[in-house]
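Scroll down for the structure; my scribbles are underneath it.
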Amino acid sequence: MALQGPIPVTFAQVFPHGCYVVGEVEAVKDFDASTNGRFVQSRDKTTGELVWQVAVMDADPTVKPGQKTVAVKILSPVQPVPPAPMPNLPFTPVEFDHVTATPYVNGAGRLAYSIKVREMRAPRTGPVAPASAKHTSTAGKDVA
């Protein structure tokens with residue numbers, strides 16, 4: 001099969017209504033290399049870059065409340081910094097570049113996607129860009 005590994009997608013395909021930072025950027029732990037009292041940060045298997053993660057809230061009004069918050073993994077040699085908060089907004093809008101989705105079967109036996117990105121930045125077109133006419137379903141955006 002031609003599709004193997006991470007599948008390149010656009011930010012608008014994953015978050016057609018935009019998304020908001022709702023957590024801190026944190027280092028992802030390498031559970032195999034870490035030992036009791038010794039933290040080892042995870043590295044991407046393909047690129048070797050350090051892996052960070054940030055919780056974001058999907059702004060899609062049709063997403064179920066239990067699926068609104070998604071962890072996005074960021075590949076970067078240094079800890080990424082979220083965009084500056086915007087006045088009069090309770091959460092900080094964010095966009096990602098160089099997005100990939102890796103499908104997998106989660107613990108409940110359902111199809112889910114691990115979302116990885118290379119860059120995090122402020123939206124280019126204001127707080128949240130309007131959804132495009134073609135809506136791509138984002139159900140099952142669980143992450144590994």
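When T62 is tested against (1) of a type in the set (S, T, N, Q); (2) without any contact (Cβ under 8 Å) to a residue 24 or more places away in the chain; (3) outside any loop (DSSP other than H, G, I, E, B), exactly one condition is not met: (3). Comparison of P93, P103 shows that the only residue that is in contact (Cβ under 8 Å) with a residue 60 or more places away in the chain, outside any loop (DSSP other than H, G, I, E, B) and buried (at least 17 other Cβ atoms within 10 Å of the Cβ) is P93.
Only a single criterion out of (1) assigned to a loop (DSSP other than H, G, I, E, B); (2) modelled with pLDDT of 95 or more; (3) touching a strand residue (DSSP E or B) at 6+ places or on another chain (Cβ under 6 Å) is not satisfied by G23, namely (2). Of note, S42 satisfies the criterion of being surrounded by 14 or more Cβ atoms within 10 Å (Cβ to Cβ), closer than 23 Å to Y104 by Cβ and not hydrophobic (A, V, I, L, M, F, W, C). Among the residues that make up the range 40-51, is at least one of them hydrophobic (A, V, I, L, M, F, W, C) and closer than 18 Å to H98 by Cβ? Looking through the range 40-51, at least one residue is hydrophobic (A, V, I, L, M, F, W, C) and closer than 18 Å to H98 by Cβ.
Just one of (1) exposed (fewer than 15 other Cβ atoms within 10 Å of the Cβ); (2) in a strand (DSSP E or B); (3) among the aliphatic types (A, V, I, L, M) fails for A71. It is (1).
Scanning the range 102-138 for residues that are within 15 Å of P16 (Cβ to Cβ) and at pLDDT 95 or above returns a single hit, I115.
The values are calculated or read from the model by the stated rules, or taken from the named source; none is laboratory data. Worth saying up front: this structure is predicted, and the values here are computed from it rather than measured. Note that each Cβ is placed from the backbone with ideal geometry, even for glycine, and that neighbours are counted across all protein chains shown.
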